[in-house]
Each structure stands twice: as C-alpha cells, then as structure tokens.
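Working notes, beginning with the structure itself.
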Amino acid sequence: MGFAERALAALKGELPDTLPYAPRLDLWYAGCRTSGTLPREHEEKTVEEICRSEGWGIYRLTTDCTHLSDSAEDMAMTCLGLFTPPEAGFKLSFGDGVRLECRRKGFEVHISLLTEAGSLEAVVELNPGMLRRGITVPWVKRPLIQRFDDWKLVATAFESLTVVPDLASYWRVQELLGGDGVAVSPACDAASPMHHIQKWFFGGTEFFVLYHDRRAELEEFAASVGHFYERLLVFYADAPVEAVMWGGNFDSAITYPPYFEAQILPWLSRAANVLRPRRVPLLTHCDGENRKLMDLVRRSGVDAAESVCPYPMTSLTLREYYVQWSADLCIVGGIPAEYVIPERTSEDELLGYMDYLLRAVAPGRRFIAGITDAVPPSADFDRLRRIQEVIDRRGRLPLSVGPIPDVFAAPETMRASQAPRHVAEYAALLEAVGAGDGQRVAGLCRQLLVQGRAAADILEDGLIAAMDVIGWRFAVGEAFVPDVLLAARAIEAGVQALEGPLDTAEPPPRSAGIVLLGTVKGDLHDIGKNLVAVVLRAAGFKVIDLGTDVTAGVFVDKATELRPHIVGMSALLTTTMPEMERVVRLLTEAGVRDDVRVIVGGAPVTERFAADICADGYGESALDAVSVARRLVAAGARGTRVWEDRRASAVRQ
Ligand code: B12
C-alpha cells in the first residue's frame, strides 16, 4: 500500500497494512528555506520531493499560504478570511459592483474593498521573518472592519461571492502527490459563517463581547457570509475531490461548547451530509484544547479530526482521544511538536512517547500519525526519521493492545482543586458578577456602601473574590472566555461605583501590583494574554498591556521606565518561546532583573521551560497568573516606581 491508499483507508475507517505517517513539513519547509537551513541533502528539493525521498506521506491538509506571497491579488483575499490554494479546486469571484484593489508596499499588501455603498481599507502582511518562524498565514495588520457598522459592506461582498470550479488546478496537485499524498480540498478556514466572523473580522476577544451585546446584528452579518458557505456546499455536492477540509482552530475556551453547538456543529453536519453519499471524507482542524468538545465533534459527523494535539500541549492524552473518537472518526496528528525539538525533549523522550503512542492507538484503526500542528523550523530532522524507523519496526496493523504507561497522563490537579472561598455575605454580588450583569453589580456595591461596608472590603472580598471564583470555573472548564470577559466588565462597573470611596482608601488593596504584559515577538496570539490581563485587572492589579508581537527591546525599555512588579510574557508558538529567554537576558543586561519578577505562560510553555530560562513564575491559566503574581508581590517583588509614586501622591494629599 502507498501512503495515499493507507491514509484514505484510515479516513474511511478501514484498517491499512501499516500505520500511516506524514509529518506535515510545510511550515518547517517555509521556515528553513527562508533561513537557508534546509538539510544539505534536501537543499534543492521541493517539500514533496523531500517527503518522497524520506519515504514519508505528503501532508497537504491545511491552508499553507506560502504560495500566496508571490501574488498580491491572492494575498488580498485573506483580509476577508478567504483562501484558495490550487488544491481547493475552485476560485472565487465577486459579482457586479464589488471589487478588491490591491497594491504592494514591501511585504505589505494594501487592499481596498470597493462596493456601490462605499469602500473599506485593509493591510495584510507575510514577511520572511514570519516564514522563518514557521508562520504561513498572513497577518491582517489592519482589519477591514474598523467601526462596527462596517460589517454591512463586508456582508455585501460575501453576498456577491461566487464559487467558480477550477478542477484543472486540483488535478495538477493530485498528480503531483501521486500515491504519496491525499489531495484534500480546503473548503474554508472557518467552519461556519459566525465562526468566520469570529476569526476574521473582530479582535480575538472583542468578538465575544459583541456576540453577547449585538447578537442580532452579528446573526444578520452571518446570514450574508452564509451565502458563500451555501455556495461551497453546492460546489462539493458533485466536485470530484478525494477529501475535503472544513474549517477549524477549535478550542474548548474559544469555540466553547454552547457556541460550538449553536454555530459550528450544524455546518459541519451539513458538509458531512453533502459528502457522505459519495464517501468523500470530511476533515476538520481540531488543533486546540478539545476536552469539552469531544462529544460535539463526534456528533457533527465529520470523518476526521486533523492536527490533534494531545497532552502535554493540551489536557487530553492521545489514549483519551483514541478511546473517545476512533469508533466514529479518524485522528490525524497525535505527536506533539515538542518531541522533535531538541531544546525541549531528549531523543529518549521521543522514543518513550512513540512506545506509548503505539499502545495508545491500538489496534490502529482510524489513526494517521503526524507532528501536530506541524513540524516547527527548529525541529531536529533526524527525529522525524526516528519516528519512521519505529513505525517501520512496530507499526504493522493491527497493533496489539498492551499495558499503557500512565506517564503521559495529564495532571488532574486543576480539576481536583477546590473552588476558591467566597464570603457568604457577598453571595448576591458573586451571582451578579457571574451573570455579567454590570448594572446589578454597581447597584449592589452602592447598597453595600450605604449599609456601612468599607469600599476596600467590598472590592477585595466581594468583587476580586468573585473574579477568583469565575477564574477558577474557567480553569476547570465550567466557564468560558465570554463568561470571564463579561464578569470582568461587570466588576469594572462595580469598581466605578466604589471609586469615590476607594480614592481615599489607604493603603491600596492588599494583593495589587503592576504587571507589564505582552505576547512576545513574532507571535500574534492574544486571546490568552487578553484574558490574563482581564483577570489580573479584576484582581486589583494595574496591567500595562503592550499587545502582541512585542520585541525584547520594548519589554526591557518599558520595564526600565515603569519598574513594574512583574513582567508577564505570553507565547503560543514553540518558535517564539526563545524570545522569552531573550527578554530575561536583556533585563539582566539592563540592570533591572533584580527589580522585577518575570512570569511566563501560553499553551506550549511549561514549568520546566520557565525554570530553564530563569523566569520567576509560570502560569497554566489566567487564574494561575493571579495566584503567581500575588505570591511574587507578597514575597517582596520590588520595582514599584509608578505605584510608589501614586501612593506617595495619595499620602501627600
Ligand atoms: C486560536 C488559534 C489561532 C488564531 C489566533 C487568534 C488570536 N487573536 O489569538 C489564529 C488562527 C490567527 C492562529 C494562527 C496561527 N497559529 Co494558532 N492556535 C490557535 C489555538 C487553536 C487556540 C489558542 C487560544 O486562543 N486558546 C485559548 C486561550 C484562552 O488559551 P491560551 O492562549 O493557552 O491562554 C491561557 C493559558 O495558556 C495562560 N496564559 C497565556 N498567556 C499567558 C501569559 C502568562 C504570563 C501567564 C501566567 C499565563 C498565560 O492563560 C490563558 C487563559 O487561561 C491554538 C491551539 C492551542 N492548543 O493552544 C493554536 C496554536 C497555538 N497555533 C498554532 C500555529 C502553528 C499557528 C500558526 C503558525 C499557523 C500558520 N500556519 O501560520 C499561526 C501563527 C500566527 C502568529 N503569527 O502568531 C500552533 C502552535 C504550534 C507550536 N507548537 O508552535 C497551535 C498550538 C496549534 C497546534 N495544535 O499545534 N492560531
């Protein structure tokens, strides 16, 4: 059997002869080619040729946009969240009255969306620095929607979009892959119209607040985006493609269960229903924390969850995935990227993981092994070969079910931990904060003041303690991103109601301090960082948020200028984690390291990594960020120039 035959068997629930293995080299290739670090023997080869000469399957399952960087027109479409790589098998075209105009400025593409009702501007970029770090999806530097009402023009563009079959380009890719890869047609980057709006048109966190406050308008917008999704379904009803990829980037926190069920599941099911009669497998990109989504993904009827990224990157072990999904859908991925990065793990650890993997997925039906989400540019190429060697030796199917070592089980500590204590007399306040009802929170705060409660007590034991409870619920998966954001907004309303009395309250609340926070250079993930900021603020910290893509120089300059108690860094990519070490080193060189405490977090960051780079603290969740920050401040984190100034001026008054 060749790889394609094996992979298709796995996708359709049949048992291939051997475990299929395709490491997904596109990001690695883009990074190494841009930095000139391809292995010598592969320097002149394409990614397909490299896979072929190593005997690996060719993984072309997700939107690799490297081919776009040559064409400003194709890049321009990404400001609408639209991608049509050659293997899509279709092109997109606007109807009369809608046009995109674009011009290149260096690595940026400046875009104008022109409609009869008006125009909007956007800027996207894909530069060599991004490619070196393995980033292949262009960065929308300036989104089309600047004011909320701009959605109406974007909606017009989606209503006019048509899907034009272009099967010749699909067949060319299919021919290029031969029997060594499955030509999966990527239909859409998001899984549904609302998910499309969430991913592409509003900030990662802003969307959730809008989804709460302006649902009716967003539903109207989604109906227009839906025209495009309907046309995709019509195309796939008879498109002669081998398999289809439909959206992704699911994560229990951001595509949280009720949202997934209302907005995503119905569209996945519709796509599955269109393809099932022709036995064309439907894949979706399940690359995040899936603990709370397992049943929903299974119920959606998709044939495969792709880019499955188990513990230690997320909380579910590969065995848990296999037990819960393999009766109904194929798992693609399963080897966390850190096992191919020498700075993160030893070769023995990789071999230990492979031993575990072969037991965890026994008997081996519905599983395609690969590095998730992709092989990073910093990978040790030989490790990819070690994986193939193990599969060659032990990967014949069916695999025998043997004892499964529990060393890869995710720690249960968080789930087993107790909810933070909350003072009973503030129960109503806790409930109102939990419901995100700012008006009620403010009203209750005023009432408590009238009853003679000290403002500082209401803040600490009522509002901040309520946020601790919501933060805990979030950490254990009982609350989701919007709950945290709305609770924080409600707390802000409460703080405003207390503001007068608090101004005179001295000393400032016990646990507060100043935190300088940002996502490190090269990294644009900001949802987790924003949540950390929100929860820290709600816990009484002053947070100076530097945003995303923050250079080490900016962290150090700001730390020198503002002398915060804590510098907090977030990274979601293994390739951007080394920036954290750089910041720690530069803080030392600048002579401020002793005055600030450094805390780090983000999905790939671990306690061990934090210790290795000499950070002072690590937090797995926003809740941890608060407890670690409190601990460090209590232990005497210094460097409080701004805070001291404020206290001094308060005392002077
Ligand atoms: C959503 C998402 C995206 C969105 C980001 C939207 C946004 N505005 O942030 C989009 C689609 C744009 C995206 C793009 C990319 N992504 Co992405 N993405 C994700 C995904 C699915 C979820 C991340 C998320 O928001 N989680 C929810 C939040 C709440 O959790 P969190 O960020 O972990 O934060 C919590 C904790 O970690 C902690 N925390 C976070 N920061 C801090 C800081 C401190 C100080 C502390 C104490 C705690 C702390 O507290 C937070 C709240 O509890 C992850 C999957 C995953 N497992 O994480 C992949 C993931 C991070 N992406 C990945 C990749 C590869 C990419 C791309 C490179 C893809 C590409 N081909 O270009 C690009 C890179 C873009 C860039 N330049 O940065 C990979 C990274 C792999 C790796 N090991 O490096 C992941 C892990 C997917 C995977 N399974 O492998 N992505």
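The values are calculated or read from the model by the stated rules, or taken from the named source; none is laboratory data. The structure displayed is predicted, hence computed values, not measured ones. All Cβ positions, glycine included, derive from the backbone under ideal geometry; neighbour counts span all protein chains shown. Heavy atoms of the whole protein, side chains included, go into the accessibility calculation; ligands, DNA and RNA do not. Shrake-Rupley method; radii C 1.70, N 1.55, O 1.52, S 1.80 Å.
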Segments classed as helices (runs of 4 or more DSSP H), wholly inside the range 1-104, with at least 3 members that are farther than 18 Å from residue 379 by Cα and out of contact with any helix residue (DSSP H, G or I) (no Cβ under 9 Å at 6 or more places or on another chain) | 3-11, 72-77
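Let's see how each residue does on (1) within 15 Å of the ligand (Cβ to nearest atom); (2) in contact with a Cys (Cβ under 8 Å, 6 or more places away or on another chain); (3) open to solvent by less than 50 Å² (accessible area, probe 1.4 Å):
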position: 352; (1), (2), (3): no, no, yes
position: 355; (1), (2), (3): no, no, yes
position: 363; (1), (2), (3): no, no, no
position: 370; (1), (2), (3): yes, no, yes
position: 375; (1), (2), (3): yes, no, yes
position: 379; (1), (2), (3): yes, no, yes
position: 382; (1), (2), (3): no, no, no
How about the range 265-296: which of its residues are closer than 26 Å to residue 25 by Cβ, within 15 Å of the ligand (Cβ to nearest atom) and either assigned to a helix (DSSP H, G or I) or among the hydrophobic types (A, V, I, L, M, F, W, C) (or both)?
-> 283, 286
Among 329, 316, the single one that is over 21 Å from residue 572 (Cβ atoms) and among the hydrophobic types (A, V, I, L, M, F, W, C) is 329
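Which members of the range 437-487 meet the condition of being in a helix (DSSP H, G or I), of a type in the set (A, V, I, L, M, F, W, C), within 16 Å of the ligand (Cβ to nearest atom) and out of contact with any Asp or Glu (no Cβ under 8 Å at 6 or more places or on another chain)?
Residues of the range 437-487 in a helix (DSSP H, G or I): 438-450, 455-475, 481-487.
Then keep just the ones that are of a type in the set (A, V, I, L, M, F, W, C); that gives 441-442, 444-445, 448-450, 455-456, 458-459, 463-467, 469-470, 472, 474-475, 481, 484-487.
Narrowing further to those that are within 16 Å of the ligand (Cβ to nearest atom): 467, 469-470, 472, 474-475, 481, 484-487.
Once the filter is applied, which keeps residues that are in a helix (DSSP H, G or I), of a type in the set (A, V, I, L, M, F, W, C), within 16 Å of the ligand (Cβ to nearest atom) and out of contact with any Asp or Glu (no Cβ under 8 Å at 6 or more places or on another chain), the range 437-487 yields 467, 469, 472, 481, 484, 485, 486, 487.
Test of understanding: among 225, 302, which residue is open to solvent by less than 10 Å² (accessible area, probe 1.4 Å), part of a loop (DSSP other than H, G, I, E, B) and more than 16 Å from the ligand (Cβ to nearest atom)? Spell out how you get there, then give the answer.
Values: 225 fails: part of a loop (DSSP other than H, G, I, E, B).
It is 302.
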When the range 586-610 is examined, which residues are found to be surrounded by 17 or more Cβ atoms within 10 Å (Cβ to Cβ) and within 24 Å of the chain's Cα centre (by Cα)?
-> 598, 599, 600, 601, 602, 603, 604, 605, 606, 609, 610
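Could you identify the single residue in 386, 359 that is farther than 17 Å from residue 7 by Cα, away from the ligand (no atom under 11 Å from the Cβ) and modelled with pLDDT of 95 or more?
Values: 359 fails: modelled with pLDDT of 95 or more.
Of 386, 359, the one residue that is farther than 17 Å from residue 7 by Cα, away from the ligand (no atom under 11 Å from the Cβ) and modelled with pLDDT of 95 or more is 386.
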What about residue 27, is it within 16 Å of the ligand (Cβ to nearest atom) and hydrophobic (A, V, I, L, M, F, W, C)?
-> yes
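Would you check if residue 193 is of a type outside the set (A, V, I, L, M, F, W, C) and in contact with a strand residue (DSSP E or B) (Cβ under 9 Å, 6 or more places away or on another chain)? Quick ask: steps written out before the conclusion?
On the way: of a type outside the set (A, V, I, L, M, F, W, C): yes; in contact with a strand residue (DSSP E or B) (Cβ under 9 Å, 6 or more places away or on another chain): no.
Against the criterion (of a type outside the set (A, V, I, L, M, F, W, C) and in contact with a strand residue (DSSP E or B) (Cβ under 9 Å, 6 or more places away or on another chain)), residue 193 does not qualify.
Residue by residue, here is whether (1) in contact (Cβ under 8 Å) with a residue 24 or more places away in the chain; (2) assigned to a strand (DSSP E or B); (3) out of contact with any helix residue (DSSP H, G or I) (no Cβ under 6 Å at 6 or more places or on another chain) holds:
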position	(1), (2), (3)
169	yes, no, no
173	yes, no, no
190	yes, no, no
203	yes, no, yes
208	yes, no, no
237	yes, no, no
246	yes, yes, no
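Which residue is surrounded by the fewest Cβ atoms within 10 Å (Cβ to Cβ), if the candidates are limited to the range 154-167 and must be in contact with a Ser or Thr (Cβ under 6 Å, 6 or more places away or on another chain) and assigned to a helix (DSSP H, G or I)?
Here is the first cut: in the range 154-167, the ones in contact with a Ser or Thr (Cβ under 6 Å, 6 or more places away or on another chain) are 155-156, 158-159, 162, 164.
Still in the running and assigned to a helix (DSSP H, G or I): 155-156, 158-159.
Numbers: 155: 19, 156: 19, 158: 25, 159: 16.
Out of the qualifying residues, it is 159.
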Give me a count of the residues in the range 599-611 that are in a strand (DSSP E or B) and more than 9 Å from the ligand (Cβ to nearest atom).
-> 0
Residue list for the range 34-64, filter: free of Cβ contacts under 8 Å to residues at least 24 places away in the same chain and either within 16 Å of the ligand (Cβ to nearest atom) or open to solvent by 10 Å² or more (accessible area, probe 1.4 Å) (or both) = 36, 38, 40, 41, 43, 44, 45, 46, 47, 49, 53
Do we have residue 583 as open to solvent by less than 50 Å² (accessible area, probe 1.4 Å), within 15 Å of the ligand (Cβ to nearest atom), in contact (Cβ under 8 Å) with a residue 24 or more places away in the chain and under 28 Å from the mean Cα position of the chain (by Cα) here?
-> yes
Say we look at the range 186-218 and pick out the residues that are modelled with pLDDT of 95 or more and small (Gly, Ala, Ser); which of these is farthest from the ligand (Cβ to nearest atom)?
-> 216
Members of the range 113-153 found to be within 16 Å of the ligand (Cβ to nearest atom) and either part of a loop (DSSP other than H, G, I, E, B) or polar (S, T, N, Q) (or both), listed by number | 126, 127, 133, 134, 135, 136, 137, 138, 143, 144, 145
Members of the range 539-572 that are within 13 Å of the ligand (Cβ to nearest atom) and part of a helix (DSSP H, G or I) = 555
The lone exception for residue 518 - which of (1) surrounded by 23 or more Cβ atoms within 10 Å (Cβ to Cβ); (2) in a loop (DSSP other than H, G, I, E, B) it fails = (2)
For residue 177: the one exception among (1) among the hydrophobic types (A, V, I, L, M, F, W, C); (2) modelled with pLDDT under 95; (3) more than 26 Å from residue 530 (Cβ to Cβ); (4) open to solvent by 20 Å² or more (accessible area, probe 1.4 Å) = (4)
Checklist (1) over 28 Å from residue 280 (Cβ atoms); (2) within 16 Å of the ligand (Cβ to nearest atom) applied to residue 333, failing item | (1)
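Within the range 253-268, does at least one residue satisfy the condition of being farther than 30 Å from residue 532 by Cα, at pLDDT 95 or above and surrounded by 16 or more Cβ atoms within 10 Å (Cβ to Cβ)? Walk me through how you get there before you give the answer.
So the first thing to find is which residues in the range 253-268 are farther than 30 Å from residue 532 by Cα, and the list is 266-268.
Pick out the ones that are also at pLDDT 95 or above and you get 266-268.
Next cut, surrounded by 16 or more Cβ atoms within 10 Å (Cβ to Cβ) only: 267-268.
Within the range 253-268 (the criterion being farther than 30 Å from residue 532 by Cα, at pLDDT 95 or above and surrounded by 16 or more Cβ atoms within 10 Å (Cβ to Cβ)), the answer is yes, since at least one residue qualifies.
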Hey, can you tell me all the residues within the range 89-123 that are touching a Ser or Thr at 6+ places or on another chain (Cβ under 9 Å), of a type in the set (A, V, I, L, M) and open to solvent by 20 Å² or more (accessible area, probe 1.4 Å)?
-> 92, 100, 117
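Anything in the range 386-398 that is aliphatic (A, V, I, L, M) and within 33 Å of the chain's Cα centre (by Cα)? List them, or say none.
Narrowing the range 386-398 to residues aliphatic (A, V, I, L, M): 387, 390-391, 397.
Selection gives 387, 390, 391.
Taking residue 343, is it part of a helix (DSSP H, G or I), within 22 Å of residue 573 (Cα to Cα) and either open to solvent by 30 Å² or more (accessible area, probe 1.4 Å) or touching a His at 6+ places or on another chain (Cβ under 9 Å) (or both)?
Working: part of a helix (DSSP H, G or I): no; within 22 Å of residue 573 (Cα to Cα): yes; either open to solvent by 30 Å² or more (accessible area, probe 1.4 Å) or touching a His at 6+ places or on another chain (Cβ under 9 Å) (or both): yes.
Against the criterion (part of a helix (DSSP H, G or I), within 22 Å of residue 573 (Cα to Cα) and either open to solvent by 30 Å² or more (accessible area, probe 1.4 Å) or touching a His at 6+ places or on another chain (Cβ under 9 Å) (or both)), residue 343 does not qualify.
If I ask for residues that are among the charged types (D, E, K, R) and on the phi < 0 side of the Ramachandran plot, which ones from the range 524-576 would you list? Give the derivation first.
So in the range 524-576, the residues among the charged types (D, E, K, R) come out as 526, 529, 537, 542, 545, 549, 557-558, 561, 563.
Result: 526, 529, 537, 542, 545, 557, 558, 561.
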